[in-house]
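A short write-up of the structure that comes next.
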Amino acid sequence: MIFDTTVWMSLVILLPLAAAITAFLLPRHALAIGLTSSGLIVLSVIALTISLVDGGAARDQMGGWGAPLGIDLVADGLSAVMLLMTAAVGLAITIYAKGYFPARDAHKRAFFWPLWLFLWGSLNALFLSGDIFNLFVTLELLGLSAVALTALVGKPTAVRAAMRYLLVGLAGSMMYLLGVAFVYAGYGALDIAQLRMLVADGPPLYAAATLMTVGLMMKGALFPLHFWLPPAHANAAAPVSALLSALVVKAPFYIMLRLWMDVLYPLADTAAPQVLSALGIAAILWGSIQALRQPKFKLLVAYSTVAQLGYLFLLIPALLADSRPQVLGAIVSFMVAHAAAKAAAFLSAGNILHATGDEQIASFTGLLRTLPLTVTTFALAGLSLVALPPSGGFIAKWLLLDRALANGDWWLVVVIIAGGLLAAGYVMRVLGPTFRERETKPTNARAVPRSMALSAFGLSVLAIILGFMGVYLLDLLAIEPVSMMVGGG
Amino acid sequence: MTETALLYMVVGVVLFGMGLFALVAYPHLLRKILAMNVMGTGTFMVFIAIAHNGDNQPIDPIPHALVITGIVVAVCSTGLALALASQVQALTGQPRIDGSEREE
């Protein structure tokens with residue numbers, strides 16, 4: 001490659017941040033800056049992935065300081081998958097936003113692009129952070145830009161939802177930070193790779209585990225701390241809803257994965273992993289049932305996110321007990337499949353709202369005739385959410401089921417199948433009316449801009465294609481730092 | 001850990017708890033934002049206590065660096081929270097978000 005791996009690692013963080021500042025200073029050119037930089041970010045992420053595949057996991061001591069005072073960036077297979085997921089969904093959202101924020105809406109356009117680029121940059125930085133304090137900082141950057149984006153539409157419901165989102169998020173990050181303090185007090189390190197060697201069962205680890213896990217549950221909207229999510233995700237602008245549901249809620253879960261695998265693993269035999277798994281079950285059932293009851297499309301999709309996040313936690317006990325590569329593969333496959341499908345679902349909701357101005361599911365009669373491409377988009381996304389073959393959701397659930405069966409957790413098998421049936425229920429609730437013929441004359445639907453229709457459709461196609469890419473994803477995940485392989489756990 | 005450091009640490013945790021309680025208990029947004037700052041201050045005090053290595057020992061600079069970074073983050077968050085709170089007040093006429101959700 002042209003550059004060393006570490007240069008690409010810095011670039012995928014610096015590019016979006018620099019572009020965000022430029023877009024903020026030159027609001028008239030925000031769109032051009034947004035489109036150009038998005039292309040460059042995606043290319044850098046691909047280049048980083050290629051150089052990781054060639055040269056293995058990498059660690060970059062930014063500015064040559066080194067841990068503990070410096071900020072070390074770490075890239076392994078898991079980071080690469082997360083960065084690629086963000087790049088794919090991010091590119092589609094960028095193209096969608098080009099049509100969604102028209103030139104006449106100068107205010108929203110001027111603020112969307114810098115905030116979205118900040119959010120992208122903080123996500124990339126988070127996925128490359130190697131120490132628990134830097135994870136806090138990137139999580140805060142992410143939270144602040146996500147809250148500002150939620151409030152962007154300016155309606156009272158959206159601003160209130162953003163306010164609640166901010167308060168819950170801040171309480172969550174304060175808990176996480178206090179947890180960081182206990183880890184440092186107990187083990188004298190912040191670097192995850194160092195902590196892996198130093199941690200031991202003891203009071204500091206119990207305190208830290210409780211604070212950090214509860215804090216991240218709040219930010220990651222795990223049942224019963226999900227209450228802020230549906231209003232925030234349902235009231236935001238469509239591209240914002242898509243990136244909140246597909247990407248932002250994955251970040252706290254990613255930190256949770258890293259923490260439990262490498263720092264909190266001495267607590268694997270306590271009740272905590274089982275509790276997380278049980279909350280996952282509750283999230284799937286509660287979120288799906290709420291989704292079935294929602295009269296509005298975007299709220300239905302938001303509750304579906306509450307449910308789908310539950311699946312990520314089901315196998316936490318198995319992840320800590322044994323056969324980590326397979327379990328991690330199943331969990332990460334699910335994250336990626338959900339990101340593509342959920343972003344496509346929210347973008348298709350945005351298209352329907354744009355065309356008809358009506359998001360009551362009851363008034364979707366005959367939409368297949370007026371908006372064939374958008375209904376197809378939601379149908380394909382729905383296929384993956386329900387986990388029918390050959391979608392990405394199918395492969396991910398297949399892997400989850402396989403691991404649950406291998407561990408003899410029959411109740412997880414029941415929950416996964418029940419969750420699929422419930423998802424089929426809420427997806428059909430939306431699709432059903434669209435097939436019916438309208439008795440009255442067809443509504444005068446506004447034309448959906450091509451960039452919006454095609455980017456949403458592209459994502460839904462990706463949600464299906466992911467079903468054929470499972471092997472590549474598992475290969476990529478296998479890139480692990482050398483030091484991690486020799487450690488215990 | 002010395003007794004002084006332990007005292008600071010315990011007070012920090014108590015402040016954190018008081019802040020968390022107020023954040024949940026009081027509906028007024030300004031109170032919630034203040035509560036959040038009390039939580040932050042409590043956390044920073046825990047860090048300061050950790051930096052203490054004994055009475056005649058040099059202090060550990062790392063927790064101090066974390067506190068400075070943490071303060072920057074807390075100031076930004078408070079700024080955004082205040083801006084949003086004044087928007088909530090302007091749009092709904094109420095400095096709170098727990099009211100009835102009847103509007104569209």
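Observations, loosely collected:
- Loop sites in the range A:47-145: chymotrypsin sites (Phe, Trp or Tyr not before Pro), DSSP, at most 11 other Cβ within 10 Å: A:Trp65
- Alpha-carbon centroid distance for the pair the range A:217-234 / the range A:1-62, whole angstrom: 30 Å
- If you plug the beta carbon distance of A:Asp105 and A:Leu373 into 1/(1 + (r/R0)^6) with R0 = 22 Å, you get a FRET efficiency near 0.40.
- Mean per-residue shielding of peptide B:18-31 is 1, counting Cβ atoms of other chains within 10 Å of each Cβ.
- Segment A:Ala200-A:Ala278, length gained on full extension (0.36 nm per residue, minus Cα span): 25.5 nm
- The range A:389-441 gives an Rg/Rh value of 1.23, both radii derived from C-alpha positions and Rh following Kirkwood.
- Exposure proxy order (Cβ contacts within 10 Å, fewest to most) of A:Phe253, A:Phe24: A:Phe24, A:Phe253
- Centre separation in Å (Cα based) which lies between the range A:344-411 and the range A:153-174: 27 Å
- Three-way shape label, the range B:3-92, alpha-carbon gyration tensor, a/c 1.5: oblate
- Proxy reagent accessibility, fewest Cβ within 10 Å first, across A:Leu421, A:Leu91, B:Leu84, A:Leu205: A:Leu421, A:Leu91, A:Leu205, B:Leu84
- Spatial extent of the protein assembly as shown: Rg and Dmax, with the Cα atoms as the point set, Å: 23.2, 86
- In chain A, Cα pairs under 8 Å separated by at least six residues give a relative contact order of 16 percent.
- For the range A:268-489, a Kirkwood hydrodynamic radius built from all Cα pairs, placed in the Stokes-Einstein relation at 37 °C and 0.692 mPa s, yields a translational diffusion coefficient of 180 µm²/s.
- For peptide A:179-185, the mean count of partner chain Cβ atoms within 10 Å of a residue's Cβ comes to 6.
- Across peptide A:154-164, the average count of Cβ atoms from other chains found within 10 Å of a residue's Cβ is 6.
- Summed over qualifying helices (DSSP H, 4 residues or more, each -39500 (n - 2.57)) and divided by its residue number, chain A shows a 222 nm mean residue ellipticity of -25000 deg cm²/dmol.
- Sites matching chymotrypsin sites (Phe, Trp or Tyr not before Pro) across the range A:354-408 that sit in DSSP coil, with at most 15 neighbouring C-beta atoms within 10 Å: none
The numbers here are math on the coordinates, done by the rules we state, and not lab data. Keep in mind that this is a model prediction, so the values were computed, not measured. Virtual Cβ from ideal backbone geometry, glycine too; neighbours counted across all protein chains shown.
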